[in-house]
Amino acid sequence: MRDTWGSLNPLTPEPRPISVRRPPVLGSERQQDYSLPMSKKPTDLERQRLTAMQYAVTRENATEPAFTGEYVYNKDDGSYCCVCCDTVLFDAGTKYDSGSGWPSFTAPSANERVVLISDNSHGMHRTEVRCTNCDAHLGHVFDDGPDPGGKRFCVNSAALNFKATDDNGDES
Ligand SMILES: [Zn+2]
């Protein structure tokens, strides 16, 4: 858990310092300017490359409607990569049918590849899952997963890019 994430969440910006020289003019501020470090800001290029749903989910914390994502029922062998930065986030071997309507995994491919953040939005107490490398919103993790770990990583299809493993064991 990284306690600095509160200041990185665009929904809960830090209070502005008192010593601001010019008071902000209403409507002229762009929230993202102080919410993310430069290296993790979404670029115009990325915005053009992603679909509207992919962008809304990964950069605006949206959730795709249940049972609509392209990977909900995918059972093929392979890897699920971040749709923004291509980091391998989940392996097909940890995917299971939770019945929730979203791709569900028991664990990330490596713990350090995702960041878990306390999320109290929408009147719920949840734990958000983000890509460590590029800060993309992926979904949430819940404690109602199968044994032995008991975790359910509930991830939007729109945040993922699946790469199937062919018969030779190589990723295509
Ligand atoms: Zn990423």
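Laboratory data are not the source of any read-out in this text; all were calculated from the coordinates shown. Here the structure is a predicted model, which means the values were calculated and not measured. Glycine gets a Cβ as well: all are built from the backbone with ideal geometry, and neighbour counts include every protein chain shown.
Quick notes on this one:
- The stretch 40-93 and the stretch 101-154 have Cα centres spaced 14 Å apart.
- The stretch 33-164 shape via C-alpha gyration tensor axes, a/c threshold 1.5: prolate
- The chymotrypsin sites (Phe, Trp or Tyr not before Pro) found in the stretch 72-159 that occupy coil by DSSP, while having at most 15 further C-beta atoms within 10 Å, are Tyr73.
- Loop sites in the stretch 66-160: GluC sites (Glu not before Pro), DSSP, at most 14 other Cβ within 10 Å: Glu70
- Length gained when the stretch Ala110-Thr68 is fully extended (0.36 nm per residue, less Cα-Cα span): 12.5 nm
- Overall form of the stretch 62-137 per C-alpha gyration tensor (a/c, 1.5; a/b vs b/c): oblate
- Label-to-label distance, nm, for residues given as Asp76 and His122 (7 Å Cα→Cβ offset): 2.9
- Net length gained if the chain between Leu45 and Asn61 were fully extended (0.36 nm per residue, minus Cα distance): 3.9 nm
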